[in-house]
Each structure stands twice: as C-alpha cells, then as structure tokens.
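This report refers to the structure that appears directly beneath it.
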Amino acid sequence: SMTQLEGFVKMNPALGLPAPGVSFTLAKSLLEKGEFNLVVCGKVKSGKSSLINALLGRELLPVCTDVATSCVFRISNAPEDSFEVVYGNGDREKITEEQLTAFGSQAEIDKNNGLSADKAIAYIQVNTKAPFLPQGVSIIDTPGVGSTYPHHTQITLQYMQQADAALFVMKPEPI
C-alpha cells in the first residue's frame, strides 16, 4: 500500500530513496477519501449540462434556452436509476426522474414563483448507469458563473474549491 511505501522510505534512509512528492501525497489522499469529484464548470449557458447528457447518452439533466441549472447535480454510476434531493441539513428526499427539472431548473423555479424547490437544497444526487465512471467517481454539474442570479456563481465557486479536478466548458468563441 502507499502507506507501507512511505514507511519503507522513512525506515531506510541509507537507501537514499526520494521522499514522496506532491503528486504521490495527493493521489494517496484521494484514494483514502474513497471518492473523486470532477466539477464541470464554466460560464452560464456554455453547455455544461448538455455535455454531461451527451456523456450519459441521454437527456437526463435539465437544459433549456434560458438559464437552466439552478443547483448542483451530483452524477454517480449505479446499476439502477435513483434520484434524491439532498438538503443543507442532511435530509434526503427521493424524487422521480420527471422531478429533476422541477427541483433543478431555474427556468422552472422562476415559472412557478420559486415554489417548486426548497432554497436549502445542497445538491441533487443522480444515480444512473454511467459505465465510464469508476466506483467512487462523480461528476458535479454546477449552475455556472456570470448569470443574473448571483447565488449561482457562489454555488459554483464553492464546489470548485472542493473539486478533485475541474473540467471547464466554454463556447467556441473568443474567451
């Protein structure tokens, strides 16, 4: 194991082995954590949710011509589909696939005067068949930055700080 390798290096200084580097330490901490979060981020309306839908091979996450994603979607590989709203206080509520848009789309929330979703949603957990995602690896779809909803930018920046890796999605136009 990586811990044994570190111990071997420390206990055998006469061998002159190099100390574990930053990459080794980072890899070890990620493996010990047991999960890896790839945060998909970028400007609002850059196609983040559309890209994830394309990777999944189905239109699962809400997309529309207006601001679509209003909260974080956490997509994980699972043998069967299941969906949960996870609230800031830790409570969980099972929802159906049809309810993903009602809870996670800003356009839908605006249309219903904000009544269709609780303001204290931490994220929406989406478990679906995604064989390209190894066990413990999740894709995090964020609302994006630069929208007319300042809290969307705050949510995205918060999740970027917790990311193990980030994928920036940009439109093919001057940045």
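The values are calculated or read from the model by the stated rules, or taken from the named source; none is laboratory data. Just so it is clear, the structure is predicted and the values come from calculations on it, not from any experiment. Quick reminder, even Gly has a Cβ in these numbers, built from the backbone with ideal geometry, and neighbours come from all protein chains shown. Ligands, DNA and RNA are excluded from the accessible area calculation, which covers all protein heavy atoms including side chains. Shrake-Rupley method; radii C 1.70, N 1.55, O 1.52, S 1.80 Å.
The distance between label points at ASP91 and THR25 comes to 4.2 nm (points 7 Å beyond Cα on the Cα→Cβ vector).
Here the label points at GLU32 and SER50, each 7 Å from Cα along the C-beta direction, are separated by 4.2 nm in the simple model. Ordering LYS28, LYS94, LYS45 by accessible surface, largest first, gives LYS94, LYS45, LYS28; the 1.4 Å probe counts only protein heavy atoms, with every chain in place.
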